[in-house]
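The values are calculated or read from the model by the stated rules, or taken from the named source; none is laboratory data. Since the model is a prediction, treat every value here as computed from it, not as a measurement. All Cβ positions, even for glycine, are placed from backbone atoms using ideal geometry, and neighbour counts span all protein chains on display.
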Amino acid sequence: MPVNSFETYPMSWKPAWNKERPLYQSLARRLEEDIRSGALLPGTKLPPQRELADFLDINVSTVSQAFRICSDKGLLTSVTGSGTFVAYDAMTNLSLAPDGTEPLIELASMMPETIAVDGVVASLQSMLAEEKAPSFFQYGCGSAAWRRMDALDLLRRAGAVGDEGAVAAANGGQNAIVASLLALCRPGDRLGVDPLVYSGLKQAARLLGVRLVPVAQEQGEMSDDGIRYAVQNHQIKGLYVVPDFQNPTAHVMSEQGRRTIAQIAEDEGLFIIEDGVARLMAADPLPTIQSLAPERTFFILSLSKVLLPTLRMAYILCPPAYAGTLQDIVQSLHLSQSELLAELTARLLVSGAAEALIAARREGATRRNAIAEEMLKGYTLLGNSECLSRWLVLPEGLTGTQAEAEARRRGVAVYGDAHFAVGPASRQHGLRLAVTAPADDDELAEGLRRLKAMLDAWRP
């Protein structure tokens, strides 16, 4: 029996668990499961360790060890003098630690649809048949200059403006984000972001000691007042934005919103990191922020989502003043790119095969989005037909964490707002639905049918 009776005591967490040995691991598993299921929401204050130990009739050291395991996983955070809380990033960190659940219909991960790659295979076969084919398996063959020119052509097609010397190649979009942050920020610097932001940016910022500040919005995008407030009151040094198909909300920023950000950056001396992860999906895109403020903006164009996931390639176009620093950082991060993939990418760009892949991606997205809109009719689904993912606004009273857990019980993997939220006051309850991730249209329809049944069954 516990030393004290807590039957009627208002504890924030009274875990029901099997006391399997070792006890601290068993308790840590229970804590993780309750966070994953939504029984413990981000920001929840846990009972004091001694109080919890008394309730469970175990040693305080056992509770401390369990808390330490969960803290190391990023699930808990301690505030001196205030106690231990479920981390606001807990769901983001859980997504990096699979729970071994049976196969699910995948609507969580941003995986592009599987498409025909005949043009890619032809280019690769041609490369391997050439006399210089062995050089593609070495560190480099001296063709970096023409590759940068092809990259610059693609960047210009995407709406960016700049010179060849300001182009740096990275191993995918995440690598490009890290490189840009290293070039622009120091530990402790503050970066303005949307209240819901790409989880990979959160991870990179945490790794580099960069603090993210949620900027107030109007109509789904950063407002003039919100940015200036963050400058004056939070001393942000710059902004991270995804103007085209924002991740996770799928919002396309208005032209006025882009001009506002460019102007404030000029007025306040801010830098901008513009992530063009899916910009090439837009058939008729609005101007890039980079084209409006080229001396202030790092523009990232990654290819994995719009061409092929295996092409871990991204290009960064930076202001000329940062070109040398950025090249040094990129080289320090990965020394060199895969010679094979770099050459293949350049040839796809030159041959026109890349354009065919982008067109196929756009066609597939249009078809998948039509299915989503039909299956979830009656509910608010943000985004448009060119999006790789959609944002499902949840009914009043249903949190993203709760919906994510219930969807999993119904055999569907989705990510709720807690994966993307910055700060305690930024909760906008919804689910990101990666419509291109399922194996085929039928699997997508089945996953959406299950989500629709979940929503229809919800009662506040």
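Across the stretch 280-298, the qualifying residues are those that are among the charged types (D, E, K, R) and modelled with pLDDT of 95 or more, and the one among them that is nearest to L181 (Cα to Cα) is R296. Scan the stretch 415-435 for residues that are modelled with pLDDT under 95, assigned to a loop (DSSP other than H, G, I, E, B) and surrounded by 15 or more Cβ atoms within 10 Å (Cβ to Cβ) and the total you get is 6.
None of T380, T401 is out of contact with any Lys or Arg (no Cβ under 8 Å at 6 or more places or on another chain), surrounded by 24 or more Cβ atoms within 10 Å (Cβ to Cβ) and either in the same structural domain as M110 (by TED's automatic domain parsing) or at pLDDT 95 or above (or both) except T401. The residues of the stretch 51-78 that are assigned to a loop (DSSP other than H, G, I, E, B) and more than 18 Å from E20 (Cα to Cα), listed by number, are K73, G74, L75.
Taken over the stretch 215-244, the criterion of being assigned to a helix (DSSP H, G or I) and either without any contact (Cβ under 8 Å) to a residue 12 or more places away in the chain or within 21 Å of the chain's Cα centre (by Cα) (or both) is satisfied by D225, G226, Q232, N233.
For the stretch 409-460, filtering for residues that are under 18 Å from A372 (Cα atoms) and aromatic (F, W, Y) leaves 1.
Being surrounded by fewer than 13 Cβ atoms within 10 Å (Cβ to Cβ) and either more than 28 Å from Q219 (Cα to Cα) or within 21 Å of the chain's Cα centre (by Cα) (or both) holds for only one residue in E130, E106, E113, and it is E130.
If the condition is being of a type outside the set (S, T, Y) and buried (at least 19 other Cβ atoms within 10 Å of the Cβ), then the stretch 57-83 contributes V63, A66, F67, C70, L75, L76. Residues of the stretch 274-288 being under 16 Å from G257 (Cβ atoms) and either out of contact with any Phe, Trp or Tyr (no Cβ under 8 Å at 6 or more places or on another chain) or not polar (S, T, N, Q) (or both), which ones? Scanning the stretch 274-288 gives E274, D275, G276, R279, A282, P285, L286, P287. Every residue in the stretch 358-374 that is in contact (Cβ under 8 Å) with a residue 60 or more places away in the chain and surrounded by fewer than 20 Cβ atoms within 10 Å (Cβ to Cβ), please. I358, A360, R362, G364, R367, I371, listed by residue number. Of the conditions (1) under 23 Å from L303 (Cα atoms); (2) assigned to a strand (DSSP E or B); (3) among the aliphatic types (A, V, I, L, M), L181 clears all except one; give me its number. Of everything listed in (1) under 23 Å from L303 (Cα atoms); (2) assigned to a strand (DSSP E or B); (3) among the aliphatic types (A, V, I, L, M), L181 misses just condition (2).
Would you check which residues across the stretch 31-43 are at pLDDT 85 or above and surrounded by fewer than 16 Cβ atoms within 10 Å (Cβ to Cβ) and list them?
Matches in the stretch 31-43: E33 only.
Which one is farthest from L94 (Cα to Cα) among residues in the stretch 185-211 that are crowded, with 22+ Cβ neighbours inside 10 Å and of a type in the set (A, V, I, L, M, F, W, C)? Checking each candidate, the answer is L191.
Using the structure shown, decide if R190 is more than 18 Å from the chain's Cα centre (by Cα), among the basic types (K, R) and modelled with pLDDT of 95 or more. Yes.
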